[in-house]
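Enquirer: Dumping the structure here so I can ask a few things about it.
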Amino acid sequence: MAGRRPRVRLAANAALAVIGLCFVLPLAWLLLASVDPHAGYQTRWPQSPSFANFAAVLTPELLFLPLVNSLLLSAGTAVVNLAAAVLAAYPLSRYQSRFNKPFLYAILFGTSLPVTAIMVPVYGLFVQLQLLDSMPATIFFMATTTLPMAIWMTKNFMDSVPLELEEAAWMDGASGLATLRRIVLPLMGQGLGVVFIFVFIQAWGNFFVPFILLLSTAKQPAAVSVFSFFGQHGAIAYGELAAFSILYSVPVLVLYTVVARGSGSAFALSGAMKG
Amino acid sequence: MPVPDSPYRGSLRRRFRLLPVAPSILLLLLFMLAPVAWSFYASFTDVALSGKAALNPQWIGLDNYARMLTDSVFPLSAWLTVVFVAVSAILGQNALGLLIALLMTKSGGATESFVGTAVIASWVLPEIVAAFAAYAYFSQDGTLNQLLGLLGVHGANWLYAFPMAAVILANVWRGTAFSMLVYRAALAQVPRDISEAALMDGARGWQRLAFITLPIIRGSIATNLMLVTLQTLAVFTLIWVMTAGGPSNASTTLPVLAYQEAFKLGDIGYGTAIASVLILIGMVFGTVYVRLLRRANQ
């Protein structure tokens, strides 16, 4: 039996390395093209590497306005989502009621609806209600699509705050919402941060929803503006596209790292998998 | 709402406790349930983006659904959706995610963290950026053909010759991280002595994998299959950027078809009919998913 374990380990490492390489390869183009002023589709070492592509996209119309829109959209979505989710999670976590279980399973069922399928009817609805091209309406819709997951995550985090701490406050006459604000929320700060970032990342990367619901260029987030970059200018400036893509991706990568470091990778699943 | 705990308070007060749930319910009713209901309703009308049918849509009964069956694109599109979900999600993401997670129990150190980061990076990147990268990778003189060129093989123009293969591989690349994370968490719960012996341990190891490890994590396998199916059913951006459903509908899955009918051709009625079919499929999988979780919780 001696020598078998190292061999198994070596084989596993080799297989994993090959898989990892396959996953990295499509990203190599993105990184190399961004610093290559003469980039095309080919992955190649830039002959005269420079930050010219980054400089070219660092303009108010191309980069800053879309990023500000992305920020408004994502932060707005996360705020609306978190406020609604915290309020909903509180009674679900604190009080026994025969409505709790059916409600939780109903919203879990809601997470199953394919959002791309809802976009056609949502567009129709927005036309009827004259909400097309409205930033707030888009924010409320985006908040709703991630709300079921956020309620589950928030409730799970809230369940881990011991009830005894609140009971003392109730004895002193504090109301449910007062104990929520003064006792429960401060104790689950990290969990709330996770939910916020989770929703923010989803909204930041969302292309289809703003693509359908926001019409004017002045309101479009980076996910949509980068697409017009790609499709409409005839000859595509690949290097600039890659540079823009990287600048647009950085905030999400940073936020993910922050959360993943704090709570392992479990955060993405705490809502999805736990019953 | 003082002292909410007393059993002698009226049931009215107990109802008020649920009041904070109201904003969530309102949002879900307005932006989730209403569109779904409207989708089913509009699919029985000829409502359009412009023209007479935009102002005054007529009830046309099952015409839209009958049209699906005779339409040349819908059956193809339904089939492509099945292929896309079955191959990229169930076979690809699910099996590859499990394989990576199993290999990781045998690995460790630098390789493990390198692979974990690589797999997760393509998942965390904004969808549109991942789609551009995949587009460049599979294009005529893209990375894949450059690699094949190194081996002396002249690669095809993947996005035109084999669009489904390209979008399927791209979706595996993009989505495997989710399954990997699910299975890593599940395998971490398997008793250590069993998991250690599970893989690459000769015939006995494979038997243990099949008869011990997999049965232990079968709950995770079932929920993961449901979730990756639902996620893949909804994929739009990746396909739209890579092939736009083409060439000549060769990669038009149902979300792409619904988009084209509703927004490119302005036929909202037919578009909602296709969307309604997708929503129904989602509901079927959603019901199974909720039942699985309920049973797991009991």
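The values are calculated or read from the model by the stated rules, or taken from the named source; none is laboratory data. This one's a predicted model, so the numbers in the text were calculated from it and none came from an experiment. Methodologically, a virtual Cβ is constructed for each residue, glycine included, from the backbone with ideal geometry; neighbour enumeration extends over all protein chains shown. Heavy atoms of the whole protein, side chains included, go into the accessibility calculation; ligands, DNA and RNA do not. Shrake-Rupley method; radii C 1.70, N 1.55, O 1.52, S 1.80 Å.
Enquirer: Would you mention how many residues in region A:108-133 are open to solvent by less than 20 Å² (accessible area, probe 1.4 Å) and more than 7 Å from every other protein chain (Cβ to nearest Cβ)?
Expert: 2
Enquirer: Between a residue in region B:263-275 that is surrounded by fewer than 17 Cβ atoms within 10 Å (Cβ to Cβ) and any residue that is at pLDDT 90 or above, which pairs come within a Cβ distance under 9 Å, given they are 6 or more apart or on different chains?
Expert: Within 9 Å, the pairs are B:L265/B:G271.
Enquirer: Note down all Cβ pairs under 7 Å where the first residue falls in region A:5-16 and is more than 9 Å from chain B (Cβ to nearest Cβ), the second is open to solvent by 40 Å² or more (accessible area, probe 1.4 Å), and they're at least six residues apart or on different chains.
Expert: none
Enquirer: Would you point out which residue out of A:L31, A:L58, A:L63, A:L67 is within 16 Å of B:A118 (Cβ to Cβ) and either out of contact with any Cys (no Cβ under 8 Å at 6 or more places or on another chain) or within 14 Å of chain B (Cβ to nearest Cβ) (or both)?
Expert: After applying the criteria, what remains is A:L31.
Enquirer: Only residues that are closer than 28 Å to A:F208 by Cβ and either facing another protein chain (nearest Cβ under 9 Å) or open to solvent by less than 20 Å² (accessible area, probe 1.4 Å) (or both): list them for region B:213-235, please.
Expert: Listed by number, the residues that qualify are B:T223, B:N224, B:M226, B:L227, B:V228, B:T229, B:L230, B:Q231, B:T232, B:L233, B:A234, B:V235.
Enquirer: From the list A:A143, A:A75, A:A52, pick out the single residue that is within 17 Å of A:G205 (Cα to Cα), among the small types (G, A, S), in contact (Cβ under 8 Å) with a residue 12 or more places away in the chain and open to solvent by 10 Å² or more (accessible area, probe 1.4 Å).
Expert: Numbers: A:A143 fails: open to solvent by 10 Å² or more (accessible area, probe 1.4 Å); A:A52 fails: within 17 Å of A:G205 (Cα to Cα).
The match here is A:A75.
Enquirer: Going by the structure shown, is B:S248 under 30 Å from B:L49 (Cβ atoms) and surrounded by fewer than 17 Cβ atoms within 10 Å (Cβ to Cβ)?
Expert: So B:S248 fits the description; yes.
Enquirer: Right, something else. Within the bounds of region B:85-98, is there any residue that is touching a residue at least 24 places away in the same chain (Cβ under 8 Å), more than 29 Å from B:A222 (Cα to Cα), touching a helix residue (DSSP H, G or I) at 6+ places or on another chain (Cβ under 7 Å) and open to solvent by 20 Å² or more (accessible area, probe 1.4 Å)?
Expert: no
Enquirer: For region B:219-240, does any single residue satisfy the condition of being over 27 Å from B:L102 (Cα atoms) and in contact with a Gly (Cβ under 7 Å, 6 or more places away or on another chain)?
Expert: Yes: region B:219-240 contains one or more residues that are over 27 Å from B:L102 (Cα atoms) and in contact with a Gly (Cβ under 7 Å, 6 or more places away or on another chain).
Enquirer: Yes or no: A:A117 small (G, A, S), outside any helix (DSSP H, G or I) and in contact with a helix residue (DSSP H, G or I) (Cβ under 9 Å, 6 or more places away or on another chain)? First the steps, then the outcome.
Expert: Details: small (G, A, S): yes; outside any helix (DSSP H, G or I): no; in contact with a helix residue (DSSP H, G or I) (Cβ under 9 Å, 6 or more places away or on another chain): yes.
So A:A117 fails the test.
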